[in-house]
Amino acid sequence: MGQFLQFAINGLMSGAIYALIALGIVAIYKATRVVNFAHGYVIMIGAYLYYTFAVLLPAAPWFPDLLFTPAWLVEAKASAQMFSPEAAWLAWLEKLPRIVFGLICAIIGSALLARLIERFLMRPLLGQSNFAMIMITVGLISVLSGAKSMIWTGDAASVPHLAPNPALRFEVFGSKVFIFGANLVSMGLALLIFAAIVIWLRRSSSGVAMRAASEDQSTAYSMGISVPRVFANAWVLAAATGAIAGAILAARDGVSPALGLFGFSVLAIVLMGGLDSFVGVFISAMAVGILEALAQWQLGGDWVEITPYVAVLIVILIRPHGLLGQKEIERI
Amino acid sequence: MLKVEDIQLSFGGVRALQGVSFEASPGEITGIIGPNGAGKTSLFNVISGFYKPDTGRVRVEGQDVSALKPDARAALGIARTFQNIALFRGMTVLDNIKLGCHTRLNANVWSALRYFGSAQKEELELRRDLEERVIDFLEIDHVRKAPITALPYGLQKRVELGRALAMKPKLLLLDEPVAGMNREETADMARFILDVQEQFGTTILLVEHDMHMVMDICSQVVVLNFGQQIAQGTPAEIAQSQAVIDAYLGQAA
Amino acid sequence: MINGNLKATYAADEKIADNRYKVSFIWGLAALAALLPIFANDYIILVACQVGIMVIAVVGLNVLTGYTGLMSLGHAAFVAIGAYGVTLLHHAATALSISDGLQPFLTIPGAMALAAVIGLIVGLPSLRVKGVYLAVATLSANFIIIFLIELDAFAPWTGGKTGLTTVDPSIFGWVLDTQREVFVLIAVMAFATVLLVQNLFRTRVGRAFIAIRERDYSAEILGISLFHYKLTSFAISAACCGLAGALMAYFYARVLPEQFELLLSLQLVAALIVGGMGRTMGPVFGVLVIVLSPELLKVVLSAIAGDSIEAAQFRAPLQEIIFGLLIIGFIMFEPLGMTQISDRVFRALNRWPFARG
């Protein structure tokens, strides 16, 4: 039982991150009707930007250290026990300026990238077939992957966690459960951002504009909604949430080219949930997170990578438009 | 030849067809008229097999076809045209018309890959048959190698009729065959439809808004309004029926 | 010269090689393919083999995506099945004491049949979904199949992550153990594939595919069973990719799962887009561009930067970027591919004395 719980909680935490990434894909789809196959690579660039601004730049001799080192902290660190919660908190505090700087720059950088992509690659294709738009994002995969290899040559590296990372132990139902604090905070952060964005989309005028443009571009245009601005906003939103998700993932798994492949699992999750339903996508993200954890528990680590793909195939065969997607009715 | 028995069809809360029944004798041209949204295309979709009615049956030559899918009904000899032209844009006129004969051909993947042999013989016979029976008949030989997208609207509609004729249909459903045509084109199309009836003895169902044409060539007319059948009879009877005048035709000013 | 339609029989009108330019083009290509193994150096043979193998695979993908309109991002899986299948069938045939010289006549069709059967299974989602959903379904199938090949549990047969050593085919005693000899086989197969597949589109089978691409409910009305023809299209395209995989196994000394990952699927699709979907020469043009552009890059880079280490480091990422830009560029500026460009050129040239009747 304890083991099951351990895995289930890990699964939920993974699921939350999936949901955050999926948010970006759904936002772009809802606004522009394009499925961004390159989203995994967009978040990979976000993660690498975080790595650059939180680790690489501060390490350069000509750049300020960006460490928070007042005297009381240095003393406390020296006297704290290794691997204790206090040590974890203090280590985090020390690196906090780097983390903040890195995160903000990553978000800004990703947002800029998103605006470039939207302006020069997506907008010229307005009104063209679905296939064309999808293939452009497929081409984007190679461009982003190659660019990343050129700028940051490919070895894995580690980045600081966004939150303090004490190892938390506690007992539930009589069995011991072990969670890394940072993962717990990441899960909370992911869920919060997800909820905030969904509420924003429902209440704010930009959110309503996005929903209008997704239903009918020409009508939205004639109502005075700047459809290109809606597109740009959707891409920026996707890139920004992607950068945060990328930073979380990089802190957890290390920053490496494998982050790009992650995007395909999330694509599968998004299609499973129904391309245009935030709720559906949230449910399928959580479900896949738990399924992966269960797969790891029962079948071993190898099977984790294949779980989302098997899941999406099964769901598509039963409900062709995803769990909560809207069926597109073709007028005969 | 065609018997439509008490068809009821609804989509969620919308009742598209409520109890439509009529019969068509072999070689008869039946007009189906009514305001937009009356359910005319839905009726065609039921007869050709795209929609399954909630209740009711469709019988063709006595056989109950209600359970058959569209491709099976094509094999029985039911052909149709569409309101918005449903020709295949990536192909030439000739290829489109050849597709009409799909069910009568026998090539499978293996004979097709080989081509020289049974497939080629079949294709050449098909070509000869179509040229003489359909392309010459509809006077489209001058455009037969043109891509569909290069043709004017009137010719496209004629090609669509040609594709339906290629199937050697016993029952032909024409969904607004003269929509958007001027007088001359309409007269041409009406002539072709009458020629089809005379030469091939096909039973024809015609959805149309052009009342002159309907009254001229149809021997019976069925009137639909909001899914209900409000009248059925000869054109003369329909023109004088008060219910029809109120719903659709209107009074002379 | 009079430029008009002077055919006297329907048979003449139905021909595809209907003017002497087309006929001489086909014979010219055949002559080139015959001369290459005799006169070309090893590097050219290497590139030519890669082109030949990929052409076969892309012709298959063209049937599915170009002509039937069903998107697939996972066709590398069928190439993998062909490559692994042919190697395993050779082992099985040897175990059954079938003579070496006869083996390819069993193993190549066997590998193609295996790929076709898996193609039928992978094609099942196409009966329920279209567009993006089908693309993701095929993508998932690709990941799953490669995963299964890499799985330790199957390693005794598939060699797991380290792959299998391949077999040199022997045709009636002629052992093809040099690349030059394998090229002959590849060239013959490539020609055969292109010509045979094109025949499909002179019959009702090919027309049915195109009809499904344009408007599938209209196709149903005409009696075309979507179930039958969509799955047939998947099977044919999978079989072609299976053949390409089998030839790959003969060409390379080893088959590894990583040769068949997503990148290969994307290369196949890119070749199709660049070359032109739904046209006979599309796959040929597209593959030439996709295979030759990395080679061209190598030449350009060594001319600019010599043999420095930095140049070598930049080459692979730059290749990736160029690949992506090719896809993006063609979709934005020439979505119908290179066949569209060649159409324009030939239309402009359709004047005396080059008029084609």
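The values are calculated or read from the model by the stated rules, or taken from the named source; none is laboratory data. No experiment lies behind these values; they were computed from the predicted model shown. Note: ideal-geometry Cβ built from the backbone for every residue, glycine included; neighbour counts use all protein chains shown.
Here are a few things to note about the model shown:
- Residue tally, condition under 21 Å from the mean Cα position of the chain (by Cα), more than 7 Å from every other protein chain (Cβ to nearest Cβ) and not in a loop (DSSP other than H, G, I, E, B), over the range A:139-162: 3
- Cross-chain or 6+ apart pairs with Cβ under 9 Å, the range A:115-138 first and more than 11 Å from every other protein chain (Cβ to nearest Cβ), then hydroxyl-bearing (Ser, Thr, Tyr): A:118/A:32; A:126/A:32
- If you check A:261, A:249, A:271 for being assigned to a helix (DSSP H, G or I), at the interface with chain C (Cβ under 10 Å from one of its Cβ atoms) and either crowded, with 24+ Cβ neighbours inside 10 Å or in contact with a Pro (Cβ under 8 Å, 6 or more places away or on another chain) (or both), only one passes: A:271.
- Residue tally, condition more than 7 Å from chain C (Cβ to nearest Cβ), in contact with an Asp or Glu (Cβ under 9 Å, 6 or more places away or on another chain) and either surrounded by fewer than 16 Cβ atoms within 10 Å (Cβ to Cβ) or not aliphatic (A, V, I, L, M) (or both), over the range B:122-137: 2
- Any chance residue B:160 is buried (at least 21 other Cβ atoms within 10 Å of the Cβ), in a helix (DSSP H, G or I) and either of a type in the set (Asp, Glu) or at the interface with chain C (Cβ under 9 Å from one of its Cβ atoms) (or both): yes
- Subset of the range B:76-92 (residues that are out of contact with any Gly (no Cβ under 9 Å at 6 or more places or on another chain), at the interface with another protein chain (Cβ under 7 Å from one of its Cβ atoms) and closer than 20 Å to residue C:202 by Cβ): B:88, B:89, B:91
- Residue selected from the range A:194-217 under the condition under 22 Å from residue A:21 (Cα atoms) and among the polar types (S, T, N, Q), by the criterion modelled with the highest pLDDT: A:204
- Qualifying residue in the range C:85-106 (condition: among the β-branched types (Val, Ile, Thr), surrounded by 16 or more Cβ atoms within 10 Å (Cβ to Cβ), at pLDDT 85 or above and touching a strand residue (DSSP E or B) at 6+ places or on another chain (Cβ under 7 Å)): yes
- Residue that is surrounded by the fewest Cβ atoms within 10 Å (Cβ to Cβ), among those in the range B:101-112 that are at the interface with another protein chain (Cβ under 7 Å from one of its Cβ atoms) and part of a helix (DSSP H, G or I): B:109
- Note on the range C:330-339: among residues that are within 14 Å of another protein chain (Cβ to nearest Cβ) and surrounded by 15 or more Cβ atoms within 10 Å (Cβ to Cβ), the one that is farthest from residue A:137 (Cα to Cα) is C:339.
- Of residues in the range C:195-245 being part of a helix (DSSP H, G or I) and among the polar types (S, T, N, Q), the one farthest from the other protein chains (Cβ to nearest Cβ): C:237
- Meets criteria (in a helix (DSSP H, G or I), over 29 Å from residue A:140 (Cα atoms) and not hydroxyl-bearing (Ser, Thr, Tyr)) for residue C:266: no
- When residue C:125 is tested against (1) touching a Leu at 6+ places or on another chain (Cβ under 8 Å); (2) in a helix (DSSP H, G or I); (3) over 30 Å from residue A:135 (Cα atoms); (4) not small (Gly, Ala, Ser), exactly one condition is not met: (3).
Yes/no per residue for (1) within 14 Å of chain C (Cβ to nearest Cβ); (2) exposed (fewer than 15 other Cβ atoms within 10 Å of the Cβ); (3) in contact (Cβ under 8 Å) with a residue 24 or more places away in the chain:
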{"residue": "B:99", "(1), (2), (3)": "yes, no, yes"}
{"residue": "B:139", "(1), (2), (3)": "no, yes, no"}
{"residue": "B:174", "(1), (2), (3)": "yes, no, yes"}
{"residue": "B:190", "(1), (2), (3)": "no, no, yes"}
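- Test: residue in the range A:300-307 that is within 11 Å of chain C (Cβ to nearest Cβ) and buried (at least 20 other Cβ atoms within 10 Å of the Cβ): yes
- When residue B:119 is tested against (1) among the small types (Gly, Ala, Ser); (2) over 23 Å from the mean Cα position of the chain (by Cα); (3) more than 9 Å from chain C (Cβ to nearest Cβ), exactly one condition is not met: (3).
- Looking only at the range A:275-299, and only at residues there that are part of a loop (DSSP other than H, G, I, E, B) and out of contact with any Ser or Thr (no Cβ under 8 Å at 6 or more places or on another chain), the one that is surrounded by the fewest Cβ atoms within 10 Å (Cβ to Cβ): A:277
- Checking C:136, C:129 one by one, the residue that is at pLDDT 85 or above, more than 24 Å from the chain's Cα centre (by Cα) and within 14 Å of chain A (Cβ to nearest Cβ) is C:129 and no other.
- Of the helices (runs of 4 or more DSSP H) that lie entirely inside the range C:1-114, those containing 1 or more residues that are over 30 Å from residue B:125 (Cα atoms) span C:20-39, C:42-61, C:76-95.
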